[in-house]
Amino acid sequence: MPGAPVEFVQTLGDCLVSVGLYFVMGLGFGMVHRAGRFFHLAHGAVFTAGAYGVYLFVRELRWPAWAGVPAGLLLASLLGPALWMAVYRPLNRRGAGPLGLMLSSLGVSIVVQHTISLAFGDANLQVREPFWSETISFGSALLTRAQAAMVMFGAVSCATAALVLRYTRLGLDLRATGDDRALAETVGIDVGSVLMRTLFGASLLASTAGLLAALDTDMRPTMGMQPLLLGVCASMLGGIGELRGLAIAAGVLGVAQHFGAWWVGIQWSESFALFVLFVILAARPQGMRTRGSRAT
Amino acid sequence: MSYALHLGTVIALYALLASSLNLTAGFLGLVSICQAAFFGLGSYTAAVLLRGTANEAAVVAAVCFVGGWTGGVALSMALFRLREDYFAIASFAFQAIATTAFYNLRAVTGGAPGIAGIAPLRFAGLPLASAERSLVALAILGGVLWLVQRALLRSPAGRVLAAIREDEVSVLAVGLDPNRYRVALFATGAGLASMAGAFYASYMTFIDPTPFGFDESILILCCVVLGGSGTAMGPIVGAVALVCLPEALRFAGFPSAVAANIRQIVFGAALVAIVLLRPTGFRKTAGVGS
């Protein structure tokens with residue numbers, strides 16, 4: 001129940017961790033949707049793969065962290081481009097609609113998740129480390145290093161995405177592809193390459209978030225589902241591919257989830273967010289604001 | 001023999017579930033990922049009705065059908081503006097909410113431990129306790145549904161459905177309301193899935209939330225897609241194939257935990273493969289106004 005300010009500040013801290021996670025997941029998902037106009041549901045599997053990829057190199061193959069962490073994240077992030085080449089591109093060429101792309105991405109995510117299960121077991125794997133579990137105090141809120149890293153990662157990826165979208169060639173190409181693919185092709189943009197790079201960037205975000213989440217709460221093969229759903233939720237609430245909208249939406253979801261839990265019980269907090277998604281889809285399928293051809 | 005009967009019952013159950021999804025996913029091209037939620041709704045409704053005492057099959061099935069139908073009307077009315085991937089993702093959110101509800105509404109569902117000691121359905125005084133009787137009941141239901149689907153496909157209404165799937169504008173142009181067909185078929189499918197749940201609860205005598213989750217919804221969708229969506233026979237073929245597959249893996253000597261994962265991998269890969277092989281099966285063919 002709402003009570004002492006200490007508890008309030010702590011909940012606010014927990015909120016920020018969730019907001020960071022949802023923002024990062026929503027960002028990758030939203031960018032892929034903005035560029036390619038389809039639901040990339042395998043995004044959650046990439047999140048899981050990030051955590052297990054690093055586990056594979058650092059714990060199983062005993063690489064030092066400075067080499068194993070990038071290797072694991074890279075391996076997971078390559079899932080994005082690989083998926084583009086093996087599934088999405090052939091589907092695009094054969095004239096599949098967005099539903100076909102979505103179903104195939106769902107299929108891929110099932111394959112990835114259960115391959116991980118086969119390789120590492122279905123059970124929870126404890127990977128928390130003393131260093132990352134050590135708490136840092138922010139006023140009266142205590143966050144572990146892993147949690148603080150998630151918040152920072154959210155902020156950094158927000159800033160990076162804003163800069164990339166506004167000032168780089170890739171950002172321009174991505175916006176052009178999303179706004180009008182045929183026109184983008186006509187003016188010489190390699191749409192396939194834009195989508196592949198977007199998928200790589202999104203996967204890098206997701207796999208890093210997966211690693212940070214594993215350091216915070218350990219890992220299991222099903223760990224990607226909840227961040228995926230809430231990322232989708234944040235992305236659609238904010239208007240797909242909109243940075244400012246996404247940040248607000250992730251904030252709203254985080255607050256609703258953590259402070260809502262005071263009243264309805266923690267087990268319903270995820271349902272609450274999904275209910276929000278459901279209502280938004282039913283009421284305003286195009287998101288909370290209609291996208292014009294603004295810069296970001 | 002009892003093993004074959006059990007397998008037959010499970011196949012019949014999935015054939016029924018897949019056929020119920022086929023009504024919208026196949027006939028109308030409106031793919032949803034929440035059939036297991038309605039399946040669960042029916043199972044829990046039946047479990048409440050059958051707690052400790054056997055009950056007349058017709059009554060329980062009717063109650064479950066109406067329950068699922070009402071849920072289906074509500075859901076499809078709420079989502080009637082959505083098409084294709086947006087509809088699918090909204091149904092996916094609904095499935096996730098339903099799963100949470102199955103786990104957390106402990107007073108009704110018993111939570112993760114589930115409900116045990118469900119009494120069998122009775123048909124004309126005869127309890128449907130054994131696999132034989134459950135199988136016969138489900139097979140009759142599945143057969144009727146197959147005949148109805150076949151008849152529907154060949155009727156003028158069936159051509160309207162195909163027209164809604166392929167070219168909605170033409171349907172509007174002749175003064176018909178596609179959304180009425182969508183809601184009617186979606187609700188009927190939900191009602192049938194819910195009714196299948198009643199037979200499942202009665203047959204298993206124990207239910208927990210596992211078979212009413214996301215994986216199961218995908219499996220049902222796979223049955224439809226793999227067998228050939230939009231045909232009367234397709235879902236049945238798909239159900240036979242996908243139920244027998246894990247059994248075959250078990251016979252091949254894989255331990256069940258491994259077999260479960262392999263089964264899922266095969267489903268996932270099959271889904272990707274089918275979309276790749278029949279990409280235009282998942283899009284409206286170009287028509288007027290599209």
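The values are calculated or read from the model by the stated rules, or taken from the named source; none is laboratory data. Since the structure is predicted, the reported quantities are computational estimates derived from the model, not experimental observations. Glycine gets a Cβ as well: all are built from the backbone with ideal geometry, and neighbour counts include every protein chain shown.
Here are a few things to note about the model shown:
- For segment B:119-167, the set of residues classified as of a type in the set (Val, Ile, Thr) and in contact with a Pro (Cβ under 6 Å, 6 or more places away or on another chain) consists of B:Ile164 only.
- Subset of segment A:153-167 [farther than 17 Å from A:Gly28 by Cβ and without any contact (Cβ under 8 Å) to a residue 60 or more places away in the chain]: A:Tyr167
- Some residue of segment B:201-210 being in a helix (DSSP H, G or I) and within 13 Å of the chain's Cα centre (by Cα): no
- Number of the condition not met by A:Leu91 [criteria: (1) more than 27 Å from A:Gly254 (Cβ to Cβ); (2) buried (at least 17 other Cβ atoms within 10 Å of the Cβ); (3) within 23 Å of the chain's Cα centre (by Cα)]: (3)
- As a summary of the residue check, A:Gly107 satisfies the conditions (1) more than 14 Å from every other protein chain (Cβ to nearest Cβ); (2) in a helix (DSSP H, G or I) except for the one numbered (1).
- Residue check for B:Asp215: within 22 Å of A:Gly107 (Cα to Cα), among the charged types (D, E, K, R) and either within 14 Å of chain A (Cβ to nearest Cβ) or surrounded by fewer than 19 Cβ atoms within 10 Å (Cβ to Cβ) (or both): yes
- First in segment B:254-278 and more than 7 Å from every other protein chain (Cβ to nearest Cβ) and surrounded by fewer than 20 Cβ atoms within 10 Å (Cβ to Cβ), second anywhere and in a loop (DSSP other than H, G, I, E, B) and modelled with pLDDT of 85 or more, Cβ under 6 Å, 6 or more apart: none
- Here is the figure for segment A:1-32: residues that are within 26 Å of A:Ile266 (Cα to Cα), in a helix (DSSP H, G or I), away from chain B (no Cβ under 14 Å) and touching a residue at least 60 places away in the same chain (Cβ under 8 Å) total 20.
- Breaking point among (1) outside any helix (DSSP H, G or I); (2) over 30 Å from B:His6 (Cα atoms); (3) within 14 Å of chain A (Cβ to nearest Cβ), for B:Gly175: (3)
- Number of the condition not met by A:Pro90 [criteria: (1) without any contact (Cβ under 8 Å) to a residue 60 or more places away in the chain; (2) not in a helix (DSSP H, G or I)]: (2)
- Helices (runs of 4 or more DSSP H) lying entirely in segment B:56-157 (those with 1 or more residues that are more than 30 Å from A:Leu228 (Cβ to Cβ), more than 14 Å from chain A (Cβ to nearest Cβ) and at pLDDT below 85): B:57-78, B:131-154
- Qualifying residue in segment A:125-135 (condition: without any contact (Cβ under 8 Å) to a residue 12 or more places away in the chain and among the acidic types (Asp, Glu)): yes
- When B:Glu216, B:Glu132 are checked against the criterion of being over 27 Å from B:Gln95 (Cβ atoms) and touching a residue at least 40 places away in the same chain (Cβ under 8 Å), B:Glu132 stands alone in meeting it.
- Those helices (runs of 4 or more DSSP H) of segment A:190-290 in which at least 2 residues are more than 11 Å from chain B (Cβ to nearest Cβ), crowded, with 18+ Cβ neighbours inside 10 Å and over 16 Å from the mean Cα position of the chain (by Cα), considering only elements entirely within it, cover A:191-217, A:243-264.
- Filtering A:Ala35, A:Ala51, A:Ala82 for residues that are without any contact (Cβ under 8 Å) to a residue 40 or more places away in the chain and of a type in the set (A, V, I, L, M) leaves a single hit, A:Ala82.
- Any chance B:Phe282 is crowded, with 17+ Cβ neighbours inside 10 Å, among the aromatic types (Phe, Trp, Tyr) and at pLDDT below 85: yes
- Of B:Ala273, B:Ala252, all but one fail to be more than 19 Å from the chain's Cα centre (by Cα), modelled with pLDDT of 80 or more and among the aliphatic types (A, V, I, L, M); the exception is B:Ala273.
- Of the residues contained in segment A:121-136, one or more are found to be among the small types (Gly, Ala, Ser) and within 14 Å of another protein chain (Cβ to nearest Cβ).
- The residues on offer are B:Ala96, B:Ala107, B:Ala112, and the sole one that is surrounded by fewer than 19 Cβ atoms within 10 Å (Cβ to Cβ), in contact with an Asp or Glu (Cβ under 8 Å, 6 or more places away or on another chain), of a type outside the set (Phe, Trp, Tyr) and under 30 Å from A:Thr222 (Cβ atoms) is B:Ala112.
- The single residue among A:Thr168, A:Thr177 that is farther than 16 Å from A:Leu246 by Cβ, surrounded by 19 or more Cβ atoms within 10 Å (Cβ to Cβ) and of a type in the set (Ser, Thr, Tyr) turns out to be A:Thr177.
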